[in-house]
Each structure stands twice: as structure tokens, then as C-alpha cells.
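Just below is one structure, and these are the notes that go with it.
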Amino acid sequence: MGQALAASIEDQSDLELVGVWRKGTDLDALLANADVAIDFSLPQGTELVLQAAARNEVPLVCGVSGLGDRLNRKLRDTAMRVPLVYDRNMSLGIAVLERSVRQAAMALGTAFEVSIAEVHHVHKKDAPSGTALKLGEAIAEARGESGTDHIRFESERRGEVPGDHQVTMRTPTETLTFGHSVTTRQVFVDGALRAARWVLKQPPALYTMQDVLFRT
């Protein structure tokens, strides 16, 4: 993702890459010259990025999944000091899918059984995916449920699949299916760059791709 971001930024007339953080690099010095930071590292790296973004008051876009409760609390704390877009999936299509399944769940209620199936590459460690959990949480919230216990998750790991998700809502008499398929990781880069442009104009708060696409 870092290499893809760097390559895409070079093609953008309104963006300039001021540096890439690697192990051993001075993160504070890097952020001192930046208008916005984008983090696609790992949870252990994200903690350092959050601390540095807060110290340097640099807006942040973070797409790292599997953060856990402690780092999610740090996200919220950091967002009190800088504008921060966090989403487990930066795809514009997934943002639209999340909005769609939320509206459907609100309208249909608990009479429909819900299942979420996801397929990813063999290198992905977390299952269900962060995106599947995000979709499930949106559905549960729309139905007034406290958790995703009533939603069935199915995960498959094969090949180099960037990410496929399918949400099915079913009763004995009808089935409603929503799907999203990624053919290249470039969609996550495009979404992150859109979020980076957007977050520059926002006050400190914790945002998602829902805000980037639908907040006026």
C-alpha cells in the first residue's frame, strides 16, 4: 500500500510526497513538513503514528485494521487534537455498500436473517475481515441490536484476492443480496487520497469514509 500510495501521489498535480516513514526514520521530522499523514502500517506502527500526529498537530488518514480496544481508544484521544479519518476499508464502493445495508436493515428489521461472506488473499491474518465486521456492526446498529451475535460470518482465504464481500438478507420467501468486489488494491489508495484531501478542511474529530463521501 505504501508503494502504491507513493506512485499515485506522483501522478497527482495537487499532491506532493514529502517522505515515507520506515523503521529508524525520524517520524517527527517527517511530519513537521507534512500537511497530512496517511497510515497503512501495522497496529504497532499505528500507535507511534498517532502519538506523532498529535504532537505535530498533523491531520491523519488511517486504514489499519485489527487495532483492538486500546488503540481504538488512542484513535479517539488523538482525534480530539487533530482531524482523523479512520476506516477499516478506504474503498468508496464499500462506503456506499455500508450505507446501503444500513438503510436496508433499518427498513427490514430482524425478520430477515443476515449473513456476510468475505474472501481475501492467503496473507490476510484476521478473520472475519475488518470490513465484514464493519458491515455487520452497521446492520446490527440499524436493527437496534447491541452486537453482531445474530449475524453469520463466513471467511475464505485463497490466492491473491484483494477483497470480496457479500451481504445476504433472507427470509423463507425472499432474498436480498449486496455485493462488492475489488480487482486491485488501487481502490484503497484512491479512497485514502480522497480522504486526505477532505480531512485537511475539517476540525479535530474522528471521521470515517461515510463522512468523506456523504458529509457536506
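The values are calculated or read from the model by the stated rules, or taken from the named source; none is laboratory data. These figures come from a predicted structure and were not determined experimentally. Here Cβ is always computed from backbone atoms with ideal geometry, including for glycine, and neighbour counts include all displayed protein chains. With ligands, DNA and RNA removed, areas are computed over all heavy atoms of the protein, side chains included. Shrake-Rupley method; radii C 1.70, N 1.55, O 1.52, S 1.80 Å.
Annotations for the structure displayed:
- Rg/Rh (Cα only; Kirkwood hydrodynamic radius) as it applies to the stretch 173-216: 1.15
- Coupling constants for the stretch 202-215 follow from the phi torsions by the Karplus curve (6.51 cos²θ - 1.76 cosθ + 1.60, θ = phi - 60°), and in residue order they are 9, x, x, 4, 9, 10, 10, 5, 4, 5, 4, 8, 10, 7 Hz; glycine and proline get x.
- Accessible area of the chain belonging to carbon and sulfur atoms, whole % at 1.4 Å probe: 48
- Gyration tensor verdict on the stretch 141-216 (Cα atoms; rounded if a/c is under 1.5, prolate if a/b is larger than b/c, oblate otherwise): oblate
- Backbone phi angles across the stretch 115-125, fed through the Karplus curve with coefficients 6.51, -1.76 and 1.60 (θ = phi - 60°), yield HN-Hα couplings of 10, 10, 10, 9, 10, 9, 5, 5, 7, 6, 8 Hz in residue order; Gly and Pro are listed as x.
- The per residue volume of the convex hull around the alpha-carbon atoms of the stretch 38-90 is 62 Å³.
- Amide hydrogen neighbours beyond the local backbone of ALA37, cut-off 5 Å, H modeled: LEU60, VAL61
- For the stretch 1-54, Kirkwood radius (reciprocal of mean inverse C-alpha pair distance, Å): 11.9
- Against the chain, whose longest principal axis is taken from its Cα atoms, helix 186-199 shows a tilt of about 60°.
- Here the chain is assigned +1 on the Cβ of each Lys and Arg and -1 on the Cβ of each Asp and Glu. Its dipole about the Cα centre then comes out at about 260 debye.
- Length available on full extension from GLN210 to ALA32: 0.36 nm per residue minus the Cα-Cα distance, which gives 61.2 nm.
- Counting only Cα atoms, the size of the chain along its three principal axes is 60, 37, 32 Å, in decreasing order.
- In the frame of its principal axes, the stretch 1-119 has Cα extents of 55, 35, 25 Å, reported largest first.
- The Rg/Rh ratio of the stretch 69-194, with Rg taken over Cα atoms and Rh as the Kirkwood radius over Cα pairs, comes to 0.99.
- Across the stretch 102-114, computed HN-Hα scalar couplings (Karplus, 6.51 cos²θ - 1.76 cosθ + 1.60, θ = phi - 60°) run 5, 5, 5, 5, 5, 6, 8, x, 7, 5, 8, 6, 10 Hz from first to last residue, x flagging Gly and Pro.
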